Amino acid sequence: MKLRSALISGCTLAALSVSVGMIAGWARPVDAPASVKGTVKFDGPAPKPSKIDMSQDPLCAKAHPTPATTEDIVVGTGGALENVVVYVSDGLTAHDFQPPEQPAVLEQKGCQYKPHVLALEAHQKLDVVNSDETTHNIHPSPNNNREWNMTQPHGTPLEQTFAREEVAIPVKCNVHPWMKGYIAVFKHPYFSVTGTNGSFELKDLPPGTYTITAWQEKLGTQTQKVTVGASETKTVDFTFKQ
Ligand SMILES: [Cu+2]
């Protein structure tokens, strides 16, 4: 009897310590965080975006008094390259990160995706918003996640998640063939998508040596290694060519 209760309490303890261990398994905030920042540039004359013909759907066309243009390579002032996903691809010692409670938002506006390239964490909520009067059909084509394909009339809420890391999932609309975008999914929070000035910052990193990867939908990927100490900020720049 004594032995049995000892066994049971032993098992209960083991179960408890497993669940406590799982909670404690989430990566904790870093005491003296490091960061890696930089700029992504396009070298050479910027390719000219093409005009998009939206006449197939007058509700789309009327949203653009001047025609919308393609977004596969967007170069700003001084060669700043927009829509590049920059992220830590190797070197992290923690592996379990609690996804943010704040959802990521992908908006369909003027029959284009806003943003054109979206990055979020695995299991983070994705709110897909249709701000257009027309009906869209959003259809990501992943290699490493569950595929889905949903019709979304104006104002209808749509929520999804992605379970696994994938850089990056092509997204299209089955109604409007010009609508193209990408969703990058990470199992950690160390990623950034360059805006109009081509800059990025990866904050709150534990000190360490990391491989930083920059991904652009047409121009491919580049990697660089960087070592950052406690509270240190290092600059890593990328240059893409066609
Ligand atoms: Cu559409």
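Remarks
- Of all residues in the stretch 162-190, those satisfying the criterion of being open to solvent by less than 60 Å² (accessible area, probe 1.4 Å), away from the ligand (no atom under 16 Å from the Cβ) and without any contact (Cβ under 8 Å) to a residue 60 or more places away in the chain are F162, A163, E166, I169.
- Strands (runs of 3 or more DSSP E) completely within the stretch 45-163 that count 1 or more residues being over 17 Å from the mean Cα position of the chain (by Cα): 104-109, 112-114, 126-130, 136-140, 150-152, 158-160
- Looking only at the stretch 138-150, and only at residues there that are surrounded by 14 or more Cβ atoms within 10 Å (Cβ to Cβ) and closer than 11 Å to V171 by Cβ, the one that is nearest to the ligand (Cβ to nearest atom): I138
- Residue within the stretch 24-45 that is surrounded by fewer than 16 Cβ atoms within 10 Å (Cβ to Cβ), modelled with pLDDT of 90 or more and of a type in the set (V, I, T) present: no
- Matching residues, the stretch 215-240, being open to solvent by 70 Å² or more (accessible area, probe 1.4 Å), touching a residue at least 60 places away in the same chain (Cβ under 8 Å) and either under 20 Å from the mean Cα position of the chain (by Cα) or within 16 Å of E82 (Cβ to Cβ) (or both): K218, T223, D237, T239
The values are calculated or read from the model by the stated rules, or taken from the named source; none is laboratory data. Here the structure is a predicted model, which is why all the values come from computation and not from measurement. Cβ coordinates were reconstructed from backbone atoms using ideal geometry, including for glycine residues, and neighbour counts include every protein chain displayed. Quick note on the areas: whole protein, heavy atoms, side chains included, nothing else; ligands and nucleic acids left out. Shrake-Rupley method; radii C 1.70, N 1.55, O 1.52, S 1.80 Å.
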